[in-house]
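> Dropping a structure here in structure tokens format, bear with me for questions.
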Amino acid sequence: MVGNPLRAFADDDTINNSPNVVKWCDLLNEAGEKFGKSVNVNHLYKGWMQDAGFQNIKEEIYKVYIGLLPDLMVKTNPYCTRSR
């Protein structure tokens, strides 16, 4: 299964440069709650799978970057690319 939290965050204070992304995520979460369907449930997947009887569940969490990536990251991580 693949899921991603519908929230914006950063390892540093750069999230302060993206107030519209933060607001967009907040509004999408609020809309889901108003419809009675939370859209931020990926943290529950493992428990749901255990409850369904699955065993040996391995949970891996990866960071997904949006926006421009630092040059060093692009040079050192073969999975990161940048288009200019």
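> Among Ile57, Ile66, which is the only one that is of a type in the set (A, V, I, L, M), surrounded by 10 or more Cβ atoms within 10 Å (Cβ to Cβ) and touching a helix residue (DSSP H, G or I) at 6+ places or on another chain (Cβ under 8 Å)?
Ile57
> Confirm whether Met73 is in a helix (DSSP H, G or I), at pLDDT below 90 and surrounded by 10 or more Cβ atoms within 10 Å (Cβ to Cβ).
Yes.
> Taking the residues in segment 8-28 that are surrounded by 13 or more Cβ atoms within 10 Å (Cβ to Cβ) and in contact with a helix residue (DSSP H, G or I) (Cβ under 9 Å, 6 or more places away or on another chain) as candidates, determine which candidate is modelled with the highest pLDDT.
The extreme case among them is Val22.
> State the number of residues belonging to segment 11-28 that are closer than 18 Å to Lys63 by Cα, of a type in the set (Asp, Glu) and not in a loop (DSSP other than H, G, I, E, B).
Residues in segment 11-28 being closer than 18 Å to Lys63 by Cα, of a type in the set (Asp, Glu) and not in a loop (DSSP other than H, G, I, E, B): 1 in total.
> Go through segment 29-54 and report how many residues are farther than 23 Å from Thr14 by Cβ, modelled with pLDDT under 95 and part of a loop (DSSP other than H, G, I, E, B).
Of the residues in segment 29-54, 6 are farther than 23 Å from Thr14 by Cβ, modelled with pLDDT under 95 and part of a loop (DSSP other than H, G, I, E, B).
The values are calculated or read from the model by the stated rules, or taken from the named source; none is laboratory data. Bear in mind the structure is a predicted one, so any value in this text is a computation, not a measurement. In this analysis, Cβ positions are derived from the backbone assuming ideal geometry, glycine residues included, and neighbour counts consider all displayed protein chains.
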